[in-house]
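Everything below concerns the one structure shown next.
The values are calculated or read from the model by the stated rules, or taken from the named source; none is laboratory data. Since we're looking at a predicted model, the values are computed, not measured. Note that we place each Cβ from the backbone using ideal geometry, even for glycine, and neighbour counts take in every protein chain shown. For the accessible areas, the whole protein counts, side chains as well, though only heavy atoms, and no ligand, DNA or RNA atoms are used. Shrake-Rupley method; radii C 1.70, N 1.55, O 1.52, S 1.80 Å.
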Amino acid sequence: MNLKKLKILGESAKYDLCNYIYPGIDTYLSGKFPGIYTSTSPNGHCINLFKVLMTNKCSNDCKYCINSRRSKLERYEFTPHELSNLFLDYYNKRYVEGLFLSSGASKDIDSSMDREIEVARILREQGFDGYIHLKILPGTSFDLIKRAMSLANRVSVNIESATPNGLEELSSTKNFKMDILRRMKWINRLSKKDPDLAPSGQTTQFIVGATDESDENILKRTMRLSDKYEIKRSYFSSFNPLKDTPLENHQGPHPKRAARLYQADFLLNSYGFSIDELVFDQNGNMEAEIDPKYSFALNNMDLFPLEINEASVEELLKVPGIGIISANKIITLRKRGLKISKLEELKKLGVSTKRAEPFIKLNKSYQSVLSM
Ligand code: SF4
């Protein structure tokens, strides 16, 4: 096996994220095990995935990408048999539990997609029944999407930007509506018709900071995508100005921006926040140094302090330091007729009392006040 090829195509795959619990720590165990990344599975467990590109040959011209057709780099390509053998070797040695496969796109999109699908087909034929995530290339035909979904646990089309104009700025070869949204719609339609197709659903990925799109633009788009196409998860990849790309001199985003987007997305999807409750500046961006829940609390001090022994679960979830599990534990105790009177008791329930203190009362007494 050509180790150089594996190193380059494994390294190239690091920009396709599969880890949202530790954003930015999409660990690449380079050197010893090229192509192996620690990831979070759909049920939240950490697993090692073999994450690699079929090829870095690409006819698209995404300005942020080193594999763009404009780049003068050496091009490599795996055959489906090479790649499936390599995966099975890693799998049999227990280095990896699943596969995350993407590819550069040739002019004939379907032929590139077909090669990805062939890898999955060979693996299933060889009896591998573990996790396969196939990246659907923008513009792939309906029939190939269906075939990919019949073999993969999860599929994804990268949206890259929140708006058609944003994508136009980044690439002259991909069409936001036709190549991306329409494919997401097909995936959703196929999933609804047959839940066995890609049973873990579809995800997508944004490049954050390559254009002027704001956090508000991005989060509104993620909400629309999950409402319309049941996108299970949006990943936020921080734009990284790479040498020898047209955006090499473009400044990268604040290092915490992607993490703040994950936190805000989580508030919207799991904590019952609405987009109007998030705090944006006049440019539609969140404060990078403060997490969005804390920012909400500081901007809504009239809602606090909240009496822990009386607040509803929805109210508890608005308190910094109180998560879903601890909010439910508080409610369960209350149903049993038990009252919480000390911070230590809250701590035992998993509350980060340091963060929560200024926003709560216990048995009508304030715990602390914020020094602003
Ligand atoms: S489609 Fe765009 S992002 Fe993907 S490999 Fe080609 S140039 Fe890079």
_As I understand it, the dipole of region 255-315 uses +1 on the Cβ of Lys and Arg and -1 on the Cβ of Asp and Glu, about the Cα centre. Which of G272, N309, N283 lies farthest toward its positive end?_
N283
*asked:* Counting heavy atoms of the protein chains only and a 1.4 Å probe, report the per residue accessible area for region 3-271 as a whole number of Å².
replied: 44 Å²
*By the gyration tensor of its Cα atoms, with a ≥ b ≥ c the square roots of the eigenvalues, what is the shape of the chain: rounded for a/c under 1.5, prolate for a/b over b/c, or oblate?*
prolate
*Hey, if we sort S39, S312 by accessible area with the 1.4 Å probe, largest down, what's the order?*
S312, S39
_5 Å is the cut-off here: which amide hydrogens, built 1.01 Å from N in the peptide plane, fall below it relative to F236, excluding neighbours closer than 5 in sequence?_
F206
*Among L137, L101, L306, whose mean-square fluctuation peaks in a Gaussian network model of the chain (Cα, cutoff 10 Å)?*
L306
*³J(HN,Hα) computed for each position of region 330-337 - Karplus, 6.51 cos²θ - 1.76 cosθ + 1.60, integer Hz, glycine/proline x*: 4, 5, 4, 4, 4, 5, 7, x
*How much of D302 can a 1.4 Å solvent probe reach, expressed as accessible area in Å² and rounded to 10?*
130 Å²
*For region 162-192 and region 72-148, what is the separation of their Cα centres, given in Å?*
21 Å
_Can you show me the helix-derived [θ] at 222 nm for the chain, built from DSSP H runs with n ≥ 4 at -39,500 (n - 2.57) apiece and divided by the number of residues, rounded to the nearest 500._
-10500 deg cm²/dmol
*On the accessible surface of region 300-366, probed at 1.4 Å, how many percent belong to carbon and sulfur atoms?*
54 percent
*Rounded to whole Hz and in sequence order, give me ³J(HN,Hα) for region 207-221 from the Karplus expression 6.51 cos²θ - 1.76 cosθ + 1.60, θ = phi - 60°, writing x for Gly and Pro.*
8, 9, x, 7, 10, 7, 4, 8, 4, 5, 4, 5, 5, 5, 5
_Karplus-derived HN-Hα couplings along region 287-304 (A = 6.51, B = -1.76, C = 1.60, θ = phi - 60°), whole Hz, x at Gly and Pro_ = 5, 6, 7, 10, 6, x, 6, 5, 4, 4, 4, 4, 8, 9, 5, 5, 7, 10
*Hey, if we sort T332, T245 by accessible area with the 1.4 Å probe, largest down, what's the order?*
T332, T245
_Percent of beta bridges antiparallel (DSSP, the chain, rounded to nearest 5)_ = 30 percent
*Can you put K220, K135, K192 in order of accessible area, largest first, using a 1.4 Å probe?*
K192, K220, K135
*By its C-alpha gyration tensor, with a ≥ b ≥ c as the square roots of the eigenvalues, how is region 300-366 shaped: rounded for a/c under 1.5, else prolate for a/b larger than b/c, else oblate?*
rounded
*Apportionment of accessible area to carbon and sulfur, region 3-271, percent (1.4 Å)*: 48 percent
